[in-house]
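Below you'll find the structure, written out as structure tokens, and then a few comments.
Nothing in this text is a laboratory measurement; each read-out follows from the coordinates by a stated rule. Since we're looking at a predicted model, the values are computed, not measured. Methodologically, a virtual Cβ is constructed for each residue, glycine included, from the backbone with ideal geometry; neighbour enumeration extends over all protein chains shown.
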Amino acid sequence: EPEVTQTPSHQVTQMGQEVILRCVPISNHLYFYWYRQILGQKVEFLVSFYNNEISEKSEIFDDQFSVERPDGSNFTLKIRSTKLEDSAMYFCASRQTEQPQHFGDGTRLSIL
Amino acid sequence: GENVEQHPSTLSVQEGDSAVIKCTYSDSASNYFPWYKQELGKRPQLIIDIRSNVGEKKDQRIAVTLNKTAKHFSLHITETQPEDSAVYFCAARPRSGSARQLTFGSGTQLTVLP
């Protein structure tokens, strides 16, 4: 069964540094998402992407965040200047039209 | 926007007993309600979902019920097994909009005691 894949599985970064989280959605999916889960808390929506542009974003997704689909397979989340409170598990998800979202295994981001 | 409340936050049951987790949602425009199981350090995995045109759906030991009028939906797990132990999240998704992102509940830590 095809899966959403995310790299790296764990990223440790100094506060203030830029970080890029990578995702390869399932190949025939059209809608892409990033979610965040702070340790012990619920999964929170960050941003959705469709037709090569952002379709929705939450209050969390401020100017420090950006997303890109640089080629036909990758979907990236960039955090420009990381803060301690950005430490969380970041999940990528994708779906086909009218189908459930499939999640990747996540990237654990630790900001020191 | 949508707000999803989930109860209880923790639930312990004896193996073989049933477990029920309840969620309420605020946006009457939501029409899709999935349930995800998340084991420690792993991805949320879809276990069952229901659309607003259906009141109940069952898949082996798992069932979900939906009351649109009251805006609540529940997960029922029968004959629980130790491997059912995990965090369970409910979610709601709006009917319209291109993004149709999920709004999650706060999660229920289910522990099945052998």
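See the values below:
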{"read-out": "Which of B:CYS90, A:CYS23 has the fewest Cβ neighbours within 10 Å, and the rest in rising order", "value": "A:CYS23, B:CYS90"}
{"read-out": "Residues of the stretch A:1-42 with amide N under 15 Å of a point placed 7 Å along Cα→Cβ from B:LYS42", "value": "A:4"}
{"read-out": "12 Å beta-carbon shell around B:ILE77, net charge (K/R +1, D/E -1)", "value": "-3"}
{"read-out": "Sites A:GLN96 and B:SER18 - FRET efficiency at Förster radius 25 Å, r taken between beta-carbons, to 0.05", "value": "0.15"}
{"read-out": "Net length gained if the chain between B:ARG95 and B:THR69 were fully extended (0.36 nm per residue, minus Cα distance)", "value": "7.8 nm"}
{"read-out": "Unit charges on C-beta of K, R, D, E only; dipole of the stretch B:10-114, Debye", "value": "600 debye"}
{"read-out": "Spatially proximal lysines relative to A:LYS78 (Cα-Cα < 24 Å; intrachain offsets below 8 disregarded)", "value": "A:LYS42, A:LYS57, B:LYS42"}
{"read-out": "Shape category assigned to the stretch A:1-55 from the gyration tensor of Cα positions, a/c cut at 1.5", "value": "prolate"}
{"read-out": "GluC sites (Glu not before Pro) lying in DSSP loop within the stretch B:36-93, provided at most 13 other Cβ fall within 10 Å", "value": "B:GLU39, B:GLU79"}
{"read-out": "Cβ-based net charge around B:THR108, under 13 Å, with every Lys or Arg adding one and every Asp or Glu removing one", "value": "+1"}
{"read-out": "Sparse-neighbour loop sites [chymotrypsin sites (Phe, Trp or Tyr not before Pro); the stretch A:1-102; at most 12 other C-beta within 10 Å; DSSP]", "value": "none"}
{"read-out": "Nonlocal amide H pairs with B:LYS68, under 5 Å, H built at 1.01 Å", "value": "none"}
{"read-out": "Segment A:LYS83-A:GLU68, length gained on full extension (0.36 nm per residue, minus Cα span)", "value": "3.3 nm"}
{"read-out": "For the stretch B:1-99: relative contact order, % (alpha-carbon pairs under 8 angstrom, 6 or more apart)", "value": "35 percent"}
{"read-out": "Charge sum, other residues only, whose C-beta stays under 13 Å from A:ARG80's C-beta, Lys/Arg counted +1 and Asp/Glu -1", "value": "-3"}
